[in-house]
Each structure stands twice: as C-alpha cells, then as structure tokens.
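See below for the structure under consideration.
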Amino acid sequence: LEGAWCYDSQDPKCGPTHWQEMASACGGPAQSPINIDLHLVQRDPTLGPFIFQGYDSAPPGPWTLENNGHTALLHVDTGLQGRLEMRGAGLPPPSYRALQLHFHWGTPASAGSEHSLDGQRSSMEMHVVHMNTRYRSMQEALGHPDGLAVLAVLLTEQDADNANFSVLVSGLKNVSGLGLSAKLASTFPLASVLPSSADLAPYYRYPGSLTTPGCQPAVLWTVFEDPVAIGRAQVVQFQTLLQAGSQPVPLTNNFRPQQPLRGRRVVASPG
Ligand code: 1SD
Ligand code: ZN
C-alpha cells in the first residue's frame, strides 16, 4: 500500500501530489510539515522544560545506520539498557521513547528542511522520532494523535565540520546504496546533536503528522527555535547517498512540501 511513494526528485509519478492515492491520510487534516509564522504563534506559559533521560551520555549500542531509499536513518533504540526517554514540555504522560533519528536535505544549491521559521528554510532538518510509552507498538501509536513526538532540529551550514556529527557522517559511506545498513563505529550522546541545553531551549509545538506516507496525524511536533550547525562537507555526504542500489542517482530534496495549517494553533515555550 505504501510501497511505491517517492519524492519528485526521484520520480514525479509517485511524488507528494500522488501520496494520497496510496495513503488517504496524506490528503487529510493536520498534515506536516508547516511554515511557522512567528507573528501568529502564541506563548503557552504552561509548557515546561523537557526532561531528558539518558541523552547526556553515549548509550551502550551498537546503533545501526540505514539507507532506506528516502533518508539516512539511525536506529537508537537498543533495548532496556540504553533506554532513552523524554517527558515534560507539555507532552502527555507517562513518557516518550527515542526510536530513531533521520534527516531531510536539499541539493548543494537549495535548502532541504521541511519546517521553516517565517519562511526561512534551513539547509537540513533532523527528526528524532519518539513513541508514547503507553502504546505497545508503532501501529497502535499511529492510531492516536499523541502516539509519537518528533523533535525537529534545523541544521544550518557552516564551513567547519560539527564534530558531534562525525561518527554518523563517517557511517554514511557504508550505506551509500538503497537497503544497505551498517553499525556505527560508536554511539554518541543524543544531547550532543540537539541545540545546547536542549531541556531549556525555546521551541514551537503543534499537532501534525508523519511527513511521509501513510501521513498519520499522530505526531506532537517540537521544532526547536535554535538551529544546530553542520559542516558544508558533511551536508555533501548526505547529498551523495544513492536512491537505488546500483544506479548512481543521488538522493536529494527528500522533503515534503509544506501543508496548510487549517485552523491549527502553533504555541511557543515560555520566555
Ligand atoms: O519520514 C519519517 C519516516 O521515516 C518514519 O520515521 C516516520 C515515523 O515512523 O516518520 C517520518 S517523519 O514524519 O519523522 N519525517
Ligand atoms: Zn522526518
């Protein structure tokens, strides 16, 4: 049912305008990503800080990096020992468990973030996907508006590499083709790739969806206001991944077009 979707850069015949033919929710309400119009955002004094558990140290691992033909995806959920959980920040109890992180990017000439602030897109966007621990499976979580919580981090390009991404970026050469996966040389603290002092960092919150088919409206989105830097050469490593096994066609512009708000409210963390 969801096997045939793609981005326009891969093949316009299965691009975002066709997603709702494969997954009807893609044409439904509460879709992501969106532009965040800072003048329309309301501060919500009840939104507290995040409480991150396990994000400050490198968990046991190993972590597996995968090229799934749509993105580079790092599996960070390695069971009980390295359990990574967050709560607080206006999220419903009890907690959300980190499952994976992945990226959206453009081309050397164009930005590739999914969200934007006042129309400003960033070079890349990282999503850290979390599942509500009250649900037993991804399938169950996808049926509830609070099933997932995704942390979105806007990545802005700078000349120097960001050393906190170097283990991950080094792994990309081992997953150049579709369907390849490889263990990372080491794990790293999740906090090291989030904005500094992420528990207290300002953020925007809105109810939305997966940005890929089936587009289920099951995501409480957090978009951090502060970007994280990434090196120009590191961005190129993502843009060099291939979208198929053998054809040398690079995977680029793997972001969904922005979706209408349709009456939703975006709120901002206090102060
Ligand atoms: O594109 C991802 C997809 O790879 C998968 O991780 C899904 C969650 O199961 O989430 C979407 S996204 O909305 O985080 N882009
Ligand atoms: Zn994503």
Given the conditions (1) under 17 Å from the mean Cα position of the chain (by Cα); (2) in contact (Cβ under 8 Å) with a residue 40 or more places away in the chain; (3) under 19 Å from ALA191 (Cβ atoms); (4) surrounded by 20 or more Cβ atoms within 10 Å (Cβ to Cβ), which single one is not true for GLU114? (3)
Could you grab me the full set of residues in the range 123-155 that are within 29 Å of GLY245 (Cα to Cα) and either more than 15 Å from ligand 1 (Cβ to nearest atom) or among the aromatic types (Phe, Trp, Tyr) (or both)? SER123
Which condition number in (1) touching a residue at least 24 places away in the same chain (Cβ under 8 Å); (2) within 20 Å of PRO16 (Cα to Cα) is the one that THR156 fails? (2)
Restricting to the range 14-67, and then to whatever is touching a strand residue (DSSP E or B) at 6+ places or on another chain (Cβ under 6 Å) and of a type in the set (Ser, Thr, Tyr), can you tell me which residue is farthest from GLN81 (Cα to Cα)? SER32
Anything in the range 18-37 that is more than 21 Å from the chain's Cα centre (by Cα) and exposed (fewer than 14 other Cβ atoms within 10 Å of the Cβ)? List them, or say none. GLU21, SER24
Do you know which of the residues in the range 39-70 that are more than 16 Å from ligand 1 (Cβ to nearest atom) and among the charged types (D, E, K, R) is surrounded by the most Cβ atoms within 10 Å (Cβ to Cβ)? ASP44
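Within the range 173-197, which residues are on the phi < 0 side of the Ramachandran plot, over 16 Å from the mean Cα position of the chain (by Cα) and part of a loop (DSSP other than H, G, I, E, B)?
Result: SER176, GLY177, LEU178, LEU180, LEU184, ALA185, SER186, THR187, PHE188, PRO189, SER196.
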When every residue in the range 138-153 that is of a type in the set (Gly, Ala, Ser) and not in a loop (DSSP other than H, G, I, E, B) is compared, the one nearest to ligand 2 (Cβ to nearest atom) is ALA152
The range 198-221 - residue that is in a strand (DSSP E or B), more than 13 Å from ligand 2 (Cβ to nearest atom) and not hydrophobic (A, V, I, L, M, F, W, C) and, of those, nearest to GLY147 (Cα to Cα): PRO207
Regarding VAL193, is this residue within 16 Å of ligand 2 (Cβ to nearest atom) and within 17 Å of HIS75 (Cα to Cα)? yes
Options THR46, THR17; residue that is assigned to a loop (DSSP other than H, G, I, E, B) and either out of contact with any helix residue (DSSP H, G or I) (no Cβ under 9 Å at 6 or more places or on another chain) or free of Cβ contacts under 8 Å to residues at least 24 places away in the same chain (or both): THR46
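Given the options GLY119, GLY143, name the one that is in contact (Cβ under 8 Å) with a residue 24 or more places away in the chain, small (Gly, Ala, Ser) and over 20 Å from PRO257 (Cβ atoms). So that I can check it myself, show each step before the final result.
Values: GLY119 fails: over 20 Å from PRO257 (Cβ atoms).
That would be GLY143, the only listed residue that is in contact (Cβ under 8 Å) with a residue 24 or more places away in the chain, small (Gly, Ala, Ser) and over 20 Å from PRO257 (Cβ atoms).
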Residues being within 14 Å of ligand 2 (Cβ to nearest atom), part of a loop (DSSP other than H, G, I, E, B) and of a type outside the set (S, T, N, Q) - total across the range 107-137: 3
Looking across the range 71-104 at residues that are within 15 Å of ligand 1 (Cβ to nearest atom) and part of a loop (DSSP other than H, G, I, E, B), the single one that is farthest from ALA191 (Cα to Cα) is THR71
Could you tell me which numbered condition MET86 fails, if it satisfies all but one of (1) touching a residue at least 40 places away in the same chain (Cβ under 8 Å); (2) closer than 14 Å to HIS130 by Cβ; (3) over 16 Å from the mean Cα position of the chain (by Cα)? (3)
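Values in this text are rule-based calculations from the coordinates and carry no lab data. These figures come from a predicted structure and were not determined experimentally. All Cβ positions, even for glycine, are placed from backbone atoms using ideal geometry, and neighbour counts span all protein chains on display.
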